[in-house]
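Single-structure report; data block below.
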Amino acid sequence: MRAGHCVGLHCPSGADYITLTYALLGNPGDLASADPIRFDLLHRPDGRDVFLMQYSHALMDNGDAIPLLRELDQLSEPSAEAKQRAALPDLLAEHLRRFSRWRRLKAALRTLNVRFRKLRAAPATLGQDSAKPSAKAVQFRIATRRLERADLRALEQRVIRTCGVPSLSMALLGSVFRALEKCQPSETGMRRNLVAGIGVDLAPPGTTRPVFQTLASVVPIFVQPEALPDREVLTRTLHEQFRHQLETDADLGTVQLANFFQTPGAFLRERFARLSVRRLMRSGYSLWYAYFGSLDALGERFCGSCVEEVYSCASTWPPMGLTLLINRFRGDLLFQSTYVPESVPELLVNAFLDTIVGELVT
């Protein structure tokens with residue numbers, strides 16, 4: 001694996017800094033030749049710096065991001081030496097071998113049933129269908145919001161009363177779905193599912209990170225508009241559905257299908273895989289959503305500088321045009337929405353985020 005490269009960039013004005021950030025995140029790369037990890041240091045006019053780390057999901061998962069940054073921080077010490085890493089086996093293949101072929105086959109068939117029967121209709125989105133996918137650079141924008149400590153504590157108590165466990169992800173997703181339904185352009189005139197993919201970490205217990213392998217699966221979570229009016233009932237419904245998906249091996253089915261399709265040789269298999277992935281990217285989800293929990297493990301300082309804020313953002317693509325990543329940092333809840341203005345206008349994104357945050361604090 002080639003190491004990621006570092007680039008120091010001086011930004012003469014605040015506007016140029018923002019524009020440069022968008023360009024760095026929106027510029028496509030060739031997976032076969034581009035560095036799988038990229039580091040950019042942006043120097044802001046007020047003297048503060050922004051450190052961007054971009055990584056390919058084919059190389060690592062979000063759970064490896066903070067451990068990798070911690071290793072970089074340790075290497076910045078004058079006496080630090082690079083760690084020698086032992087070669088790891090294919091941990092995803094080992095995960096699959098833990099289950100019988102029959103169980104993996106049933107899980108894969110259930111996954112196909114969900115995708116091609118229950119979710120065959122296009123999902124509800126804020127993106128406009130007129131925005132077509134393109135191999136060219138995408139014009140990204142990023143909108144942010146914050147839920148402060150006191151409001152977050154109140155939200156956690158509400159979730160415990162509703163579900164019995166302090167798990168925020170499904171409560172947040174419920175508010176995301178409700179906001180999406182409220183903000184969806186009224187002229188669509190179609191009854192559609194609201195769909196998100198929830199990442200599941202498959203790393204064996206005790207795994208030392210970072211691990212430069214993909215060790216995650218995605219489980220679809222979905223509801224129909226009639227499930228949205230009662231917020232507490234919706235939260236319980238999503239929580240129970242996610243638990244049921246795991247109990248019925250939905251995470252295993254996704255990984256088994258991916259393993260089957262990546263086996264080279266059969267032309268029809270490769271063609272079906274391409275068509276399936278294209279359909280999933282174009283009309284598989286209402287938005288790309290993830291709650292990453294706390295990023296406090298980065299610590300107070302990074303490479304000799306005080307850390308003010310840590311957040312995650314990700315690409316998106318038309319026609320869906322919207323990604324929402326949420327994480328905690330030092331007691332606050334941070335929302336980062338990447339969007340394609342041609343697909344989802346700025347006013348609509350702001351209304352969507354304001355609706356989410358407004359609901360979470362009431």
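The values are calculated or read from the model by the stated rules, or taken from the named source; none is laboratory data. These numbers come from a predicted model, not from an experiment. Every residue, glycine among them, receives a Cβ derived from its backbone with ideal geometry; neighbour counts consider all protein chains shown. These area figures cover heavy atoms from the full protein model, side chains too; ligands, DNA and RNA do not enter into them. Shrake-Rupley method; radii C 1.70, N 1.55, O 1.52, S 1.80 Å.
Values computed for the structure shown
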| read-out | value |
| --- | --- |
| Heavy atoms of residue 182: accessible area, 1.4 Å probe, square angstrom to 10 | 130 Å² |
| Residue-normalised accessible area of the chain, given per residue in Å² at a 1.4 Å probe | 54 Å² |
| Over 32 Å [Cα-Cα, the chain], rounded percent | 35 percent |
| Order of exposure, largest accessible area first, which applies to 306, 183, 313 with probe 1.4 Å | 306, 313, 183 |
| Estimated [θ] at 222 nm from DSSP helical runs (n ≥ 4, -39500 (n - 2.57)) normalised by residues in the chain, nearest 500 | -12000 deg cm²/dmol |
| Whole-percent carbon and sulfur share, accessible surface of the chain, 1.4 Å | 55 percent |
| Packing-based order for 291-298, 275-282, using average beta carbon neighbours within 10 Å, highest first | 291-298, 275-282 |
| Residue 348 accessible area, assembled protein chains, probe 1.4 Å, Å² | 30 Å² |
| Probe 1.4 Å, all protein chains present, accessible-area order of 95, 57, 43, largest first | 57, 43, 95 |
| Net dipole in debye of segment 272-323 [+1 Lys, Arg Cβ; -1 Asp, Glu Cβ; about Cα centre; nearest 20] | 640 debye |
| Paired Rg and Dmax values of segment 320-362, which use every Cα atom, in angstrom | 11.5, 34 |
| Alpha-carbon centroids, segment 303-359 and segment 172-186: separation in whole Å | 15 Å |
| Exposure of residue 55 as accessible area (Å², to 10), given a probe of 1.4 Å and all protein chains | 70 Å² |
| Axial C-alpha extent at least 20 Å, average Kyte-Doolittle at least -0.5 - helices from the chain (DSSP) | 149-163, 169-183, 267-283, 346-360 |
| Farthest toward positive dipole pole in segment 8-118 [+1 Lys/Arg, -1 Asp/Glu at C-beta], among 96, 41, 75 | 96 |
| Positive dipole terminus of the chain, leading residue within 53, 163, 114 (C-beta point charges) | 114 |
| Size of charge dipole - the chain - debye, nearest 20, with Cβ of Lys, Arg +1 and Asp, Glu -1, no other charges | 1680 debye |
| Size of electric dipole in segment 40-145: Cβ of Lys, Arg +1 and of Asp, Glu -1, about Cα centre, debye, nearest 20 | 1320 debye |
